[in-house]
Amino acid sequence: MAENKQVLIGENLFDMSEGKPSLIVTHCKTCGTYFFPKSFTCHNPECVGKDVETTNLSRQGKVENYSVMNYPPPPPFVTQEPYEPIVCAAVEFPEGITIIGMMEDITADQVKIGMDVEVTVGTIYTKKTGEDVVAWKFKAV
Ligand SMILES: [Zn+2]
């Protein structure tokens, strides 16, 4: 079966230059806070710093919490048929930022708080035109 054409869900979300995806984040050099997606300024209300840099986040983090979507999200979200429950996780990275994303290759009874995961890139949904819309996801390591 031919692979579908892939379309990124957004620009500048991950870097594939090392062969595996890393999330692209903004780091404030004044207060040390990280932001995802990439930003042009620090959004910490207690920080007066304006000096930010773009960097790649660690590739691995830990599941801080998770939720299982047993019912399809409402439109405009496009679900696959038949609908399979979607596991979403809040993943904490060593830099101190927590990022939410869908888990890949895991069922609701397999996901655990504290489990190690890595950033991956996978299909969120397939358009009626046959293109796969891809975004960051997390996968157990
Ligand atoms: Zn700051």
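The values are calculated or read from the model by the stated rules, or taken from the named source; none is laboratory data. Remember, predicted model here, so these are calculated numbers, not experimental data. All Cβ positions, even for glycine, are placed from backbone atoms using ideal geometry, and neighbour counts span all protein chains on display.
Per-residue answers, yes or no, for (1) among the aromatic types (Phe, Trp, Tyr); (2) out of contact with any Lys or Arg (no Cβ under 8 Å at 6 or more places or on another chain); (3) over 27 Å from Asp132 (Cα atoms):
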| site | (1), (2), (3) |
| --- | --- |
| Glu11 | no, yes, no |
| Asp15 | no, yes, no |
| Thr33 | no, yes, yes |
| Lys38 | no, yes, no |
| Tyr71 | yes, yes, no |
| Pro74 | no, yes, no |
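Only one of these conditions is not met by Pro72: (1) under 14 Å from Trp136 (Cα atoms); (2) part of a loop (DSSP other than H, G, I, E, B). Which number is it?
The failed condition is (1).
Which condition number in (1) within 16 Å of the ligand (Cβ to nearest atom); (2) under 25 Å from Val133 (Cβ atoms); (3) β-branched (Val, Ile, Thr); (4) exposed (fewer than 15 other Cβ atoms within 10 Å of the Cβ) is the one that Val78 fails?
The single condition Val78 does not satisfy is (1).
Might you let me know whether region 19-28 holds any residue that is assigned to a loop (DSSP other than H, G, I, E, B) and touching a strand residue (DSSP E or B) at 6+ places or on another chain (Cβ under 9 Å)?
Yes, because at least one residue in region 19-28 is assigned to a loop (DSSP other than H, G, I, E, B) and touching a strand residue (DSSP E or B) at 6+ places or on another chain (Cβ under 9 Å).
Val133: surrounded by fewer than 18 Cβ atoms within 10 Å (Cβ to Cβ), within 24 Å of Ser17 (Cβ to Cβ) and of a type in the set (A, V, I, L, M, F, W, C), yes or no? Walk me through how you get there before you give the answer.
Numbers: surrounded by fewer than 18 Cβ atoms within 10 Å (Cβ to Cβ): yes; within 24 Å of Ser17 (Cβ to Cβ): yes; of a type in the set (A, V, I, L, M, F, W, C): yes.
It is true that Val133 is surrounded by fewer than 18 Cβ atoms within 10 Å (Cβ to Cβ), within 24 Å of Ser17 (Cβ to Cβ) and of a type in the set (A, V, I, L, M, F, W, C).
Applying the selection to region 71-90, what residues are more than 20 Å from the chain's Cα centre (by Cα) and modelled with pLDDT of 90 or more?
Tyr71
Would you be able to say whether some residue in region 23-30 is of a type in the set (S, T, N, Q), crowded, with 16+ Cβ neighbours inside 10 Å and at pLDDT 95 or above? Reasoning before the result, please.
Taking region 23-30 and keeping what is of a type in the set (S, T, N, Q), we get 26, 30.
With crowded, with 16+ Cβ neighbours inside 10 Å added as a condition, the list becomes 26.
Still in the running and at pLDDT 95 or above: 26.
Yes.
Restricted to region 21-59, and to residues that are in contact (Cβ under 8 Å) with a residue 60 or more places away in the chain and farther than 13 Å from Ile97 by Cα, which residue is farthest from the ligand (Cβ to nearest atom)?
Applying the filter and picking the extreme gives Pro21.
Exactly one of these conditions fails for Val63: (1) at positive phi; (2) part of a strand (DSSP E or B). Give me its number.
Unmet condition: (1).
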